[in-house]
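The values are calculated or read from the model by the stated rules, or taken from the named source; none is laboratory data. Everything quoted here is computed from the prediction, not taken from an experiment. Quick reminder, even Gly has a Cβ in these numbers, built from the backbone with ideal geometry, and neighbours come from all protein chains shown. Side chains are part of the model used for accessible areas, which takes the heavy atoms of the whole protein and leaves out ligands, DNA and RNA. Shrake-Rupley method; radii C 1.70, N 1.55, O 1.52, S 1.80 Å.
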Amino acid sequence: MNMVLVDEEQVLAFRAALPAVTKVCLQEVLGVSETTWTRLRKGRPIRRSTYDRLLCRLARISAAA
C-alpha cells in the first residue's frame, strides 16, 4: 500500500477549509473519515489515494473562494 506523510502546514490548510471539525463536515467537505483526520493531525501516514483526493478537494474549494 502506497502511504504518504502530510506535513503540518498542509494539515492546517485542510483544517482552514472546514467550517467545523465534525464527522459530517469532514466527509462532505474533504471526503475523509474521522479516523483519517486523526491520522493527519497526529502526523501518521495516510493512503496516497486519500491524499490525492484531499488535494483535489482543497483545490476545488480554493478555486470557488
1.4 Å probe accessible area per residue over the chain, in Å²: 67 Å²
For the range 28-65 versus the range 1-24, the gap between their alpha-carbon centres in whole angstrom: 5 Å
Cα-derived Rg to Rh of the chain, Kirkwood definition: 0.93
Accessible area of the chain belonging to carbon and sulfur atoms, whole % at 1.4 Å probe: 51 percent
Unit charges on C-beta of K, R, D, E only; dipole of the chain, Debye: 200 debye
